[in-house]
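Below is one structure; the comments refer to it alone.
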Amino acid sequence: MFLTFEGIEGSGKSTQIKILKSALEKVHFDVEITREPGWGAVGKLIRKIILDVPDLDLDSFSELSLFCADRAQHVRELIRPMLNKGKIVLCDRYCDSTLAYQGHGRKLDIDLVKKMSIASTLGLMPNVTILLDISVNTALSRIVERPGRNKIDDESFDFHTRVKKAYLGIAKDSPRVHIINGEDEEGNVHQEIKKCLSKNFSIFSRL
Ligand code: TYD
């Protein structure tokens with residue numbers, strides 16, 4: 001079972017993934033947590049180029065290609081092998097991030113970004129995607145306090161607004177994507193995520 005988490009900056013994905021992992025382990029599921037970009041040897045190098053080196057002037061198309069390259073490696077080296085072992089994989093960001101950030105945030109050609117982001121999954125789509133929805137104001141106020149902000153965190157209010165709208169559009173078009181209000185207190189958000197999973201998937205009925 002492959003679950004992805006999406007949302008704008010500061011939406012609480014990584015916190016919710018950790019809490020969900022504990023909840024799933026309590027009912028004896030074997031869970032692997034991962035995130036994009038940056039898994040594995042290739043992913044670590046790619047993450048550095050995209051997010052960490054401050055004065056690299058990266059073209060938007062190069063950025064798109066690097067996120068896609070990171071994903072293909074991630075699927076091949078980690079996600080597929082873990083799923084083949086019967087694990088539940090919880091992934092912080094996946095192909096919807098590319099469509100939202102590079103397609104709508106960077107305003108690249110949407111059809112091209114769709115094709116490239118789908119191709120980068122090597123045919124592996126998530127069973128379910130949790131979209132944690134928060135306002136752009138909440139996002140920006142949460143990331144101000146964040147240590148180690150990256151280049152994309154520092155994009156404009158308009159950029160983050162385009163990304164948020166894109167996510168809501170993706171959710172509308174895709175029944176796999178479930179919107180959860182991420183503004184609420186973290187325990188309540190967790191309850192909503194559990195409710196959503198147990199309602200939609202019989203294997204999660206024990207949650
Ligand atoms: P990261 O520091 O991993 O944190 P978070 O996911 O909590 O925001 O930042 C990853 C950044 O990369 C984030 O700003 C979103 C961006 N991103 C894209 O622009 N496109 C992508 O395809 C992916 C996976 C991430």
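Summary of computed values
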read-out: Matching residues, segment 149-207, being surrounded by 13 or more Cβ atoms within 10 Å (Cβ to Cβ), closer than 23 Å to residue 51 by Cα and at pLDDT below 95; value: 149, 150, 151, 152, 153, 155
read-out: Which listed residue is more than 29 Å from residue 186 (Cβ to Cβ), within 10 Å of the ligand (Cβ to nearest atom) and open to solvent by 50 Å² or more (accessible area, probe 1.4 Å), from 106, 80; value: 106
read-out: Members of segment 1-37 that are among the small types (Gly, Ala, Ser), within 16 Å of the ligand (Cβ to nearest atom) and over 19 Å from residue 127 (Cβ atoms); value: 10, 11, 12, 14
read-out: Matching residues, segment 146-160, being basic (Lys, Arg) and either away from the ligand (no atom under 16 Å from the Cβ) or farther than 28 Å from residue 124 by Cβ (or both); value: 146, 149
read-out: Index of the failed condition, residue 35 passing every other in (1) more than 14 Å from residue 203 (Cβ to Cβ); (2) open to solvent by less than 30 Å² (accessible area, probe 1.4 Å); (3) of a type outside the set (A, V, I, L, M); value: (2)
read-out: Pairs where the first residue, in segment 75-91, is touching a residue at least 60 places away in the same chain (Cβ under 8 Å) and the second is part of a helix (DSSP H, G or I), C-beta under 7 Å, 6+ apart; value: 88/24; 89/79; 89/82; 89/83; 90/17; 90/20; 90/21; 91/79
read-out: Residue 163 closer than 14 Å to residue 132 by Cα, β-branched (Val, Ile, Thr) and within 12 Å of the ligand (Cβ to nearest atom); value: yes
read-out: Test: residue in segment 133-144 that is open to solvent by less than 60 Å² (accessible area, probe 1.4 Å), within 10 Å of the ligand (Cβ to nearest atom) and over 12 Å from residue 8 (Cα atoms); value: no
read-out: Residue among 72, 41, 23, 100 that alone is open to solvent by 30 Å² or more (accessible area, probe 1.4 Å) and on the phi < 0 side of the Ramachandran plot; value: 41
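The values are calculated or read from the model by the stated rules, or taken from the named source; none is laboratory data. Please read these numbers as outputs of a predicted model, since none were measured by experiment. No Cβ is skipped: glycine too gets one built from the backbone with ideal geometry, and neighbour counts run over all protein chains shown. Just so you know, the surface numbers come from the protein's heavy atoms only, side chains and all, with ligands and any DNA or RNA stripped out. Shrake-Rupley method; radii C 1.70, N 1.55, O 1.52, S 1.80 Å.
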